[in-house]
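So the structure is just underneath, and the comments pick up after that.
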Amino acid sequence: MSSEHVERRLAAILAADVAGSCRLIGIDEEGALAQLKALRKTLFDPKITDHRGRIVKNTGDGALVEFGSVVDAVRCAVEIQRGMAEQNIDVPQAKRIEFRIGIHVGDIIIEENDIFGDGVNIAVRLEGIPEPGGISISDDAHRQIRGKVDITFEDTGSQSLKNIAEPMRVWRVPNGRAVPTVPDRLPVDDAEPLALPDKPSIAVLPFQNMSGDPDQDYFADGMVDEITTALSRFNSLFVIARNSSFTYKGKVVDIKQIGRELGVRYVLEGSVRKAAGKVRIIGQLIDATTGAHLWADRFEGDLSDIFALQDRMTESVLSAIAPKMFQIELDPAARQPNNLSAYDLCLRASSHLSSWTRGGSAEALRLASRALEIDPRYVWAARLAGECHLLNVGQGWAADPKSEIAEGLRLLRLALSIDGNDPVALSILGCQTALFSGDFDTAREMVDRAVALNPNDSIAWEQRGWTYVIGGSPKRQSGALSASFD
């Protein structure tokens, strides 16, 4: 063992790189290099200085920066991406310079004017994960900034990083989400606006999380899912699917533009605050054709009253759209758990499952299974756990596909034994029946019934579409497939 002293210290490392630099240089080599040099001089380097960072080295189209504080590193990254977003507002997509940034906090080795070690290597690997304009940070960095940085990071689960021995949990801010103070309106589309349906139509936008804790984002998102589901139970309404509405999350939006792009008459937006066992929901309904506010209200109470609050908001929205709609029975009994902890676990599980990562699926399964232990008759918990098993098989993550398929189907059947009218469980089980048993008649009957139960449910339409593809009836299902991507 060498007796030579090695200087080490704990530091936050920021690695940045230009996305698609070879493409940019190929289009205009001199122009791209001159633009990058100007950005470093006017934006990148000054932000590093402002946040007490030290540029260790520039790497052609990127940089490696050391900070004494991971909070400073993240704030600097956010301001850099904010500045880049401002620079790119009027720049065509093909000519934009956009950074990817990775941040890690760990032990580094100092040698002359350079730094080495896993602390550096991990930051460099993290830089390659986010989309252009995004930021990825390690779980160690995330723990250090929690509650100190007003930016919501998404949990992407456990990731395998090249040349790093152990998988690590990674958090990210997608492009556009790190710049809340910069208008990030979608460009006005010259295409004809979508025609309004022949019945009242509504989109529920992501609610703002007002809890002061970014880790409570899952709760606000889950609230929107619940209200969207409640509204979609009414055949007299046309309800836009969650996936379409959530494309506007983190963006400054023009309600009229949303109405044109989604083809809806009404838009519901709001906020959620959860603290000390209490919850407050604020909502406002807007006529997207005129921008006029039709209704606004506040619902607050104990966390144990959450389902009653959701139903009151749903009834209020319906009554504002059509006076007689609110009298229709919501029938919430089957979707309500006997234990509020099970509901919270399922909200968390749903958030992890939507990441579509191996780590996210594993964590979702753990949470949903725990919820099912607490409340063995909770439909949502059973369905989520079943979805996790089947996703693992579909993505090639299952160590024993045969047993995972069996367990996934068992859990979906359990969900339907509790509530035989759950359209999501029914449609997924129908599709899996077509896939694994070849009983297409039964499968088609199940997915057709799921769509009939809730014509607004995009998952039911999607599963119906794939069932008809598997069963060899592509023409009959083509409308269903297109509907599933709306």
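Every number in this text was worked out from the coordinates using simple rules, so none of it is lab data. Model, not experiment: these values are computed from the prediction. Please note: Cβ atoms are built from the backbone with ideal geometry, for glycine as well, and neighbour counts cover all protein chains shown.
Points to keep in mind about this one:
- Long-range Cα-Cα pairs in segment 81-143 (distance over 16 Å), rounded percent: 55
- With the biggest extent put first, the Cα atoms of segment 201-330 measure 39, 35, 23 Å across the principal axes.
- Residues whose amide H lies under 5 Å from that of residue 295, counting only those 5 or more places away or on a different chain, are 285; hydrogens are built 1.01 Å from N in the peptide plane.
- Protection-proxy order for peptides 413-422, 358-367, each taking the mean of Cβ atoms within 10 Å per residue, highest first: 358-367, 413-422
- Mean projected area in nm² (Cα convex hull; one quarter of hull surface) for segment 7-173: 9.7
- Extension gain, residue 59 back to residue 305 (0.36 nm per residue minus Cα-Cα distance, nm): 83.0 nm
- Pairwise Cα distances in segment 404-446 exceed 12 Å in 55 percent of cases.
- Under the convention that each Lys and Arg Cβ holds +1 and each Asp and Glu Cβ holds -1, the size of the dipole of segment 201-330 around its Cα centre is about 340 debye.
- In segment 340-484, Cα pairs under 8 Å separated by at least six residues give a relative contact order of 15 percent.
- Beta bridge orientation in segment 201-330: antiparallel %, DSSP, nearest 5: 75
- Which listed pairs, of 47/274; 41/148; 95/148, have C-alpha distances above 32 Å, in listed order: 47/274; 95/148
- Computed E for residue 199/residue 109 - FRET, C-beta separation, R0 45 angstrom, nearest 0.05: 0.10
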